[in-house]
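The values are calculated or read from the model by the stated rules, or taken from the named source; none is laboratory data. Only a predicted model underlies this, so the values are computations on that prediction, with no experimental measurement involved. Counting neighbours? That spans all protein chains shown, and the Cβs are built from the backbone with ideal geometry, glycine included.
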């Protein structure tokens with residue numbers, strides 16, 4: 001009986017941790033046949049101060065957090081170590097800003113497919129949690145998509 005109670009407590013604690021971070025409107029940009037890189041976008045809201053510190057997906061050989069910025073009239077896309085998630089404030093991962101960069105994609109992702117993805121979020125206390133997602137792939141020409149050639 002004690003093992004059952006401990007197991008139930010662990011499941012409930014994991015559920016509570018998951019509830020600390022919400023992900024909405026997630027999508028991955030579709031690809032053309034010769035393309036090997038694409039982006040994933042979403043809105044993330046954390047109940048407490050935290051940061052997105054990593055992403056994993058079996059759909060790409062390499063995955064990084066990136067940010068697009070304008071410097072001297074030129075757009076630059078660069079990797080970042082983390083993306084801040086201030087308590088209670090939605091953070092947009094969107095074309096032209098922060099995003100998940102998927103590189104070394106072995107086969108082009110097509111509209112209608114889904115991509116399994118794990119977000120790794122770190123709280124102020126240093127504890128990490130994983131958030132499992134299944135993200136839909138949208139057509140290449142998604143409205144509002146202003147991101148340049150994806151490396």
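The table for this structure:
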{"quantity": "Unmet requirement for residue 107, which otherwise passes all of (1) in a loop (DSSP other than H, G, I, E, B); (2) surrounded by fewer than 13 Cβ atoms within 10 Å (Cβ to Cβ); (3) within 14 Å of the chain's Cα centre (by Cα)", "calculated": "(3)"}
{"quantity": "Identity of the residue in region 54-83, under 19 Å from residue 115 (Cα atoms) and part of a strand (DSSP E or B), that ends up farthest from the chain's Cα centre (by Cα)", "calculated": "62"}
{"quantity": "Region 114-134, residues that are surrounded by 15 or more Cβ atoms within 10 Å (Cβ to Cβ) and closer than 19 Å to residue 24 by Cα", "calculated": "115, 117, 119, 120, 121, 122, 129, 131, 133"}
{"quantity": "Within region 110-137, tally of residues that are within 15 Å of the chain's Cα centre (by Cα) and closer than 17 Å to residue 35 by Cβ", "calculated": "2"}
{"quantity": "Pair list, Cβ < 8 Å and 6+ apart or interchain, from region 78-103 residues that are at positive phi and at pLDDT below 95 to residues that are assigned to a strand (DSSP E or B) and surrounded by 14 or more Cβ atoms within 10 Å (Cβ to Cβ)", "calculated": "96/68"}
